[in-house]
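Everything on this sheet refers to the single structure shown next.
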Amino acid sequence: MRKMQIVSVCKFVLLVIVTFNPFLSIAKRLDSLSYTPHKEFFLQWDNDMFVFKDYYYTQGAYFNFIHPGLRKNPVNHILLRLKNSDNYYGIGIAQQIYTPKDVTDTLLNLVDRPYAGTLYISSFLASSNIERRFRLTSILNIGILGPLSGAKQAQKYIHDWLGLDWPLGWGFQIKNRPYLNYNVLFEKGIINIPGSFELNGNSLIRLGTVHDDAQVSLNYRIGRINNTFKGYNLGNKKYLENEDFELYLFGSAKITGVLYNATLMGGVVPPEKERYLAFNQIENLLYEVCVGLQTNYKFIGMRGQLTWKSREFELGEQHGWGTISILFRF
């Protein structure tokens, strides 16, 4: 039954790709100068301490930078874009930290989530078509899964800073593996009440050495808002109708069909001597909801968000975390 559900999710995502295929093109020399002068960067911190927990996906730190000069990045030649659209070129760096539920256990627990950390750099291209209310974002992530990610050291620093107990099982973390993922996100406007409400449908495909899955979601924003497709996180200054001030509630509901997750399963080709969760021990269909509040004024924005996710493996539990973000446009 679960495999049939995963296939259904994948079919829906493929339908989206086929539907919008006429509007897609691989980055080519002829449109290499197609870009928007929008410049932006944002910082994001995820942590489950915001919901009074300290396990599973326990911390994430992200920095993304968007600048028109990055259109010369050679990686863009393997990223997708839309025709006749605004193109936003960016790079980023991210670190994610995962621990089992019982962080006091000094022995290897074969039925709990393993300790894991990732560190990767991203090169991405977000291509937005205003008329069709459609955005395509393609992302290449390259990095490391394992001790070289610095996850153990980062968590120790945070725990020392907050005066929390130190997890005792980092010696059992997933060993070093390459992180190479190619992700494609589709966003399509469904309902739009200018200035006050938006409902968008998204689909995401991730393929690589760490994450192999397909996701569909519905996302809403309600309040004082600008058009999502006339900017990135913050409004693009070239659209004079964009208001300086925004304040809105947002949320989403997501369904993900999972084929592989190396942070649970230990890498595409795990050494035989290591034992992590097998395919039949992970949940192949995940549910996720989030709600948040964001406010933007001219060149700066702030966002707070709470996320809940269904259990990721057979003997696991549902989990949640909080997110705070700060955004700048210059």
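A search for C-beta distances below 9 Å between a residue of the range 148-177 that is of a type in the set (Phe, Trp, Tyr) and exposed (fewer than 12 other Cβ atoms within 10 Å of the Cβ) and any residue that is modelled with pLDDT of 95 or more and in a helix (DSSP H, G or I), counting only pairs 6+ apart in sequence or on different chains, returns nothing. In the range 236-250, what residues are surrounded by 16 or more Cβ atoms within 10 Å (Cβ to Cβ), out of contact with any Gly (no Cβ under 7 Å at 6 or more places or on another chain) and at pLDDT 95 or above? Hit for the range 236-250 is GLU246, nothing else. Considering the conditions (1) in contact with a His (Cβ under 6 Å, 6 or more places away or on another chain); (2) modelled with pLDDT of 95 or more, TRP166 is excluded by exactly one of them, (2).
Residues that are surrounded by fewer than 20 Cβ atoms within 10 Å (Cβ to Cβ), under 22 Å from SER310 (Cβ atoms) and among the charged types (D, E, K, R) do not occur anywhere in the range 183-201.
This table checks each residue for (1) free of Cβ contacts under 8 Å to residues at least 40 places away in the same chain; (2) farther than 22 Å from ASP46 by Cβ; (3) over 19 Å from the mean Cα position of the chain (by Cα).
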| residue | (1), (2), (3) |
| --- | --- |
| ASN227 | no, yes, yes |
| LEU249 | no, no, yes |
| VAL258 | no, no, no |
| MET265 | yes, no, yes |
| ARG275 | no, yes, yes |
| ILE282 | yes, no, yes |
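Taking the condition of being assigned to a strand (DSSP E or B), within 19 Å of SER196 (Cβ to Cβ) and of a type in the set (S, T, N, Q), how many residues in the range 216-237 meet it?
Number satisfying all stated conditions: 1.
Considering TYR115, TYR89, TYR98, the condition of being surrounded by 19 or more Cβ atoms within 10 Å (Cβ to Cβ), within 21 Å of LYS39 (Cα to Cα), touching a Pro at 6+ places or on another chain (Cβ under 8 Å) and touching a residue at least 12 places away in the same chain (Cβ under 8 Å) is satisfied by TYR89 alone. Can you tell me which of (1) at pLDDT below 95; (2) closer than 24 Å to ILE142 by Cβ is the one ILE93 doesn't meet? Here ILE93 meets the rest and fails (1).
Among the residues of the range 145-155, the ones that are part of a helix (DSSP H, G or I) and either among the hydrophobic types (A, V, I, L, M, F, W, C) or modelled with pLDDT under 90 (or both) come to 3 in all. SER8 fulfils the conditions (1) small (Gly, Ala, Ser); (2) assigned to a helix (DSSP H, G or I); (3) modelled with pLDDT of 90 or more except for a single criterion, (3). Residues considered: THR323, THR295, THR307. Of these, the only one that is over 30 Å from ASN109 (Cβ atoms) and among the hydroxyl-bearing types (Ser, Thr, Tyr) is THR295. Within the option set ILE174, ILE190, ILE142, ILE158, being β-branched (Val, Ile, Thr), part of a strand (DSSP E or B) and more than 30 Å from TYR239 (Cα to Cα) holds for one residue only, ILE142.
The values are calculated or read from the model by the stated rules, or taken from the named source; none is laboratory data. Keep in mind the model is a prediction, meaning the values are calculated, not measured. Please note: Cβ atoms are built from the backbone with ideal geometry, for glycine as well, and neighbour counts cover all protein chains shown.
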